[in-house]
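Please read the structure below before turning to the comments.
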């Protein structure tokens, strides 16, 4: 069976709460057992309950996005191109923003030709029909020398709950590559970016997180982290 391709257009552009926690492999599997009996998996996950995420992140000449994440600057934002399950069937350009402690994700589709130009640090032609998000990235590439910097890839077990628009995701095998030119290839050289056995739990919701989900995730026992996967990958590859 062909892997399902996630449709990022289903995500809304609202600001949301988003928290990240580091966890061990044992904690991750324990979380998976507890959550699987409470909330359903995202229907876009494969038969094994997982989908693969690969993102190509951009930064400017001065690595502003990297430095702002390290400093905890608010507001801040970063651009990335994202694909799912190594498929170029749906390619998305995304802008992720952090404002007053909440996050917002805005996305638009890219053609494979546009994606390959951006991978090479080139700017696609701007026309009347160009999405505003792509227009903004092209402008930044011309004015701040924004360029593709690093690939981040991982395997995600995604749980969703409609009340509160809750997403709880378990991200395993987080790895990175500086080979932006290979972003659309099926197999690329990747290196782990976290210590062996370390993974990331992410909790996202709109206005509230149901208490029983909070208790099931045992968030009080996990170490919260403010660093993004992009930050961890860049620090590893610098």
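If you go through the range 162-181 and keep only what is in contact with a helix residue (DSSP H, G or I) (Cβ under 7 Å, 6 or more places away or on another chain), outside any loop (DSSP other than H, G, I, E, B) and closer than 23 Å to residue 194 by Cα, you end up with 168, 170, 172, 174, 176, 180. Of the residues 96, 102, 78, the single one that is surrounded by fewer than 18 Cβ atoms within 10 Å (Cβ to Cβ) and either modelled with pLDDT under 95 or at negative phi (or both) is 102. Being within 28 Å of residue 217 (Cβ to Cβ), modelled with pLDDT of 90 or more and not in a helix (DSSP H, G or I) is the filter here, so list the residues in the range 50-72 that pass it. Hits for the range 50-72 are 50, 51, 52, 53, 54, 55, 57. Set side by side, the residues 212, 236, 230, 208 differ, and just one is part of a loop (DSSP other than H, G, I, E, B) and in contact (Cβ under 8 Å) with a residue 12 or more places away in the chain, which is 208.
Suppose we keep only residues that are assigned to a loop (DSSP other than H, G, I, E, B) and free of Cβ contacts under 8 Å to residues at least 40 places away in the same chain within the range 31-45. Which one would you say is surrounded by the most Cβ atoms within 10 Å (Cβ to Cβ)? Break it down into steps so the answer makes sense when it comes.
Taking the range 31-45 as the starting set, the residues that turn out to be assigned to a loop (DSSP other than H, G, I, E, B) are 37-40, 42-45.
Subset that is free of Cβ contacts under 8 Å to residues at least 40 places away in the same chain: 37, 43.
Details: 37: 7, 43: 9.
Only one residue fits best here, namely 43.
The values are calculated or read from the model by the stated rules, or taken from the named source; none is laboratory data. This one's a predicted model, so the numbers in the text were calculated from it and none came from an experiment. Because the Cβ atoms are built from the backbone with ideal geometry, glycine has one as well, and the counts that use them run over all protein chains shown.
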